[in-house]
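The structure under discussion appears below in the form of structure tokens.
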Amino acid sequence: MIQAVIFDLDGVLVDTAKYHFICWQRLASSLGISIDEEFNQELKGVSRMDSLDMILALGGIEKTDEEKLELADTKNKWYLRCLNELSSEDLLEGVEETLLELKSREFKIGLGSASQSGEYVIKKLGIYDLFDAVVDGNGFQKSKPDPEVFLTGAQKLGVAPAECAVLEDAPSGILAAIAGGMLAIGVGSEPLPGEDHHLNDLSNPLSLIALL
Ligand code: BG6
Ligand code: MG
């Protein structure tokens, strides 16, 4: 019996994934590395430092830990600038209705995001109060596909992993949900490897409810 739904943030609740991509692309290009949409798929759900490592590996470039911190910080400054104007108008279609429908049916609601700005973003979107537990990139160590983010979320929500459904737009997130023993629901235009169910978006809350 599913008792709780844990949402990924970027690409599921809001289209901040495009800002991450633009900022990584800008940073990569400053290093003479070109990244495309296909490579970006692999970066989705992956932590800031791990993303940087993947980009540097792609370009065959080595940097010291100090240089890496500086590069990651530069990317994050650009990203935070993109978030300045974020508001409830940026919620993807049906997100608020979905959260309210889940609440009215007494499902617990969690956030499971790799982003260190996760809590900040849901506050800007005006949906923070609808969450029973928030786990963002400040609350766990191991990047998706490790299940730590979702297992921490389940623990905070007080439910067993098998009682959780995870909504994810990234291949690494689906793998993390599966590794955590949770129901993995892919969201987006393309099916994701290993997912248990798929939704194109959250525009119809009852389509999600039917899967739980
Ligand atoms: C994930 C995104 O949610 O958060 C990744 O899908 C991003 O693209 C990661 O790199 C880390 O985000 P932040 O805000 O901590 O740099
Ligand atoms: Mg995502």
Task: the chain: most fluctuating residue of Asn76, Asn200, Asn40 per GNM, C-alpha cutoff 10 Å - done: Asn200
TODO: Just add up the charged neighbours of Ala4: K/R +1, D/E -1, any other residue whose Cβ is under 13 Å from the Cβ of Ala4.
DONE: +1
Open item on the list: Calculate the FRET efficiency for Lys63 and Glu85 from the Cβ-Cβ distance with a Förster distance of 35 Å, rounded to the nearest 0.05.
Closed with: 0.65
Task: Surface accessible to a 1.4 Å probe, His20 within the full protein complex, Å² - done: 40 Å²
- [ ] Give the value in nm², to one decimal: projected area of the alpha carbon convex hull of the range 1-137, averaged over all directions.
- [x] 9.0 nm²
Task: Cα gyration tensor, the range 1-42 - rounded (a/c under 1.5), prolate or oblate - done: prolate
- [ ] Under 14 Å from the Cβ of Ser115, count the other residues' Cβ atoms, weight Lys and Arg +1, Asp and Glu -1, and hand me the total.
- [x] -1
TODO: Roll a 1.4 Å probe over the protein heavy atoms and report the accessible area of Thr152 in Å², nearest 10.
DONE: 30 Å²
Task: Mean ellipticity per residue at 222 nm, deg cm²/dmol - from DSSP H runs of n ≥ 4 across the chain, formula -39500 (n - 2.57) - done: -13000 deg cm²/dmol
Task: Mean separation of Cα contacts under 8 Å (6+ apart) over length of the chain, as relative contact order % - done: 26 percent
Task: Most fluctuating residue given options Arg81, Arg48, Arg26, as computed from a GNM of the chain linking Cα atoms under 10 Å - done: Arg81
Task: Cβ-based net charge around Gly180, under 15 Å, with every Lys or Arg adding one and every Asp or Glu removing one - done: -4
Task: the range 1-68: GluC sites (Glu not before Pro) in DSSP loop, at most 15 other beta carbons within 10 Å - done: Glu62
TODO: Can you spot the lysines whose alpha carbon is less than 23 Å from Lys44's alpha carbon? Ignore those fewer than 8 places along the same chain.
DONE: Lys18, Lys63, Lys68, Lys75, Lys77, Lys123, Lys124, Lys142, Lys144
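The values are calculated or read from the model by the stated rules, or taken from the named source; none is laboratory data. A quick note: this is a predicted structure, and the numbers were derived from the prediction, not measured. Cβ sites come from the backbone with ideal geometry, for glycine too, and all protein chains shown count toward neighbours. To get the accessible areas, we keep the full protein, side chains included, count just its heavy atoms, and leave off ligands, DNA and RNA. Shrake-Rupley method; radii C 1.70, N 1.55, O 1.52, S 1.80 Å.
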